[in-house]
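Report on the following structure.
The values are calculated or read from the model by the stated rules, or taken from the named source; none is laboratory data. Treat the numbers as computed from the prediction; the structure is a model and nothing was measured. Every residue, glycine among them, receives a Cβ derived from its backbone with ideal geometry; neighbour counts consider all protein chains shown. In case anyone asks, the SASA skips ligands and DNA or RNA and just uses the protein heavy atoms, side chains included. Shrake-Rupley method; radii C 1.70, N 1.55, O 1.52, S 1.80 Å.
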Amino acid sequence: MSDRPHIRIEMVSNPLYLSGARELVGSVARRLGFSELACGQIALAVDEALCNIIRHGYDRRPDGPIWLSLWPVPGDNGSAGGLKIVLEDEAKQIDPSAIRGRDLDDVKPGGLGVHIIREVMDEARYEKRDGHGMKLTMVKKIGPDSSAPGRTAAGGSDCGCGGGSCLDKQE
Amino acid sequence: MPEPSSINIRVEDRGNGTVVTPEGEIGYEEAPPFRNALRRVSEQRPKRLIVDLARVEYMNTPGLATLVEALQMAKKNSTRLILCGLNDKVRAIFEIARLHKVFEIKGTVDESLAA
């Protein structure tokens, strides 16, 4: 996989733009062959991560920069095998080992976002960026439970071209 | 600077309980007005507080946290809090957070009023 993201956007830490980021990620996931439920889960994970950056990283400051980058993860036969999402910010740094979801048996408001990110994504890794800010790398693989109904086992589409990058997929 | 969008919330007294019907998305921006609406209704200590989520297309953890707060307040006030009308996406987030066993969840408002 090239280091260069296939999509990279810069947004500010204003909650007004959360739905736009969610729709972008969900739409890309759909084109890569994820099921509707998986697309919703991926968009939810990104939404939760962005909420955490805005609320805890920037202390609700609405003008902090956030970068959202997307890559398809290669699968078999050149088809997309998943989606890699990276979120970077210039917010305050925290020890990645301190970022944990709370015990779900303790029913109380808050603290659920990290749990949801880890639950719905196959990988979720927090790191400190060089200098300042945090980086969250998330990966969701296309598997039997997360692929769209029209997607073949090899990752092709119903149009017959067999290519993972086919733009007719999911039409 | 554009202002954040708001949520439409309808509150209706149905005799056997009060029905709160939010419409749209319940995310980061919408959770505070949703919380205020639920708090105002809870303070009146209705016998049943029914939250009809049939018109909620999307919810994330700020929305969930608001409902957990409402549940805690309802227990203090001896109010029965019932959720209904959850679509598959909204139900999925309750299941991921394992809150589907914590809340009383029904299919419709009528089922909730009759429960």
Could you tell me which trypsin sites (Lys or Arg not before Pro) in segment B:63-115 are loop residues by DSSP with no more than 15 other beta carbons within 10 angstrom of their beta carbon? B:Arg98, B:Lys101
Taking 51 Å as R0, compute the FRET efficiency from the Cβ-Cβ separation of B:Asp13 and A:Glu123 and round it to 0.05. 0.55
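Nearest 5 is fine: what % of DSSP beta bridges in the protein assembly as shown come out antiparallel, could you say?
Values: 35 of 49 bridges.
Antiparallel: roughly 70 percent of the beta bridges in the protein assembly as shown.
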The protein assembly as shown - Kirkwood radius from inverse mean 1/r over Cα pairs (Å): 20.2
What are the lysines whose alpha-carbon lies under 17 Å from the alpha-carbon of B:Lys47, with same-chain residues fewer than 8 places away excluded? B:Lys75, B:Lys76, B:Lys106
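To the nearest hundred square angstrom, how large is the accessible surface buried between B and A, total for both chains, probe 1.4 angstrom? Intermediate results must be reported in sequence, preceding the final value.
Working: alone 6670 and 9370 Å², together 13890 Å².
Counting protein atoms only, the buried area is about 2200 Å².
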Cα-based convex hull, chain B, per residue volume (Å³, whole number): 94
Comparing the chain by itself with all protein chains present, which residues of segment A:20-48 are at least 50 Å² less accessible (probe 1.4 Å)? A:Arg22, A:Leu44
